[in-house]
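The values are calculated or read from the model by the stated rules, or taken from the named source; none is laboratory data. Computed from a predicted model, the values in this text were never measured in an experiment. Note that we place each Cβ from the backbone using ideal geometry, even for glycine, and neighbour counts take in every protein chain shown.
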Amino acid sequence: MHRSVAADVVEAFGDLYDARFPIRRMRLVDDYRGSDDASMAANNTSAYNCRRTTSGSRWSEHSYGRAIDVNPVQCAESGAGQPSTASPQPCHRSTSTQALTRPRLRSG
């Protein structure tokens, strides 16, 4: 994670742990040869990965270490991010570091 959000991310993941929020998988994207599609298909919670936005017009916040995909398969199925397709899409609304700050955490 980018140092500007590291403390918030540590606190947020501590809160998720305390709430017993199930993180399905958490591996380095390197384990998927840097493939964002393979990482998301494996339901891998991940942060840094150099990639473009869904529209392809600019670099994603993931490229700067300022966004996290948490349980991307469930996120895509919930409709909280992009419409569900054959391959899971990142859940933009709930995975930005702003959404992981303490006041917005909720269980369930």
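Condition first: of a type in the set (Val, Ile, Thr) and out of contact with any strand residue (DSSP E or B) (no Cβ under 6 Å at 6 or more places or on another chain). Can you find one or more residues in the range 43-50 that meet it? Yes, that holds for at least one residue.
Note on the range 17-27: residues that are over 22 Å from Met40 (Cα atoms) and surrounded by 13 or more Cβ atoms within 10 Å (Cβ to Cβ) total 0. Scanning for something surrounded by 14 or more Cβ atoms within 10 Å (Cβ to Cβ), in contact with a Pro (Cβ under 8 Å, 6 or more places away or on another chain) and in a helix (DSSP H, G or I), does the range 52-61 turn up at least one residue? No, that holds for no residue.
If you go through the range 17-44 and keep only what is of a type in the set (A, V, I, L, M), in a helix (DSSP H, G or I) and modelled with pLDDT of 90 or more, you end up with Ala38, Ala41.
Summed over the range 1-41, residues that are farther than 15 Å from Ile68 by Cα and touching a helix residue (DSSP H, G or I) at 6+ places or on another chain (Cβ under 7 Å) total 3. Note on the range 1-16: residues that are assigned to a loop (DSSP other than H, G, I, E, B) and within 16 Å of Thr45 (Cα to Cα) amount to 1. Of all residues in the range 14-72, those that are among the acidic types (Asp, Glu) and under 20 Å from His2 (Cβ atoms) total 5.
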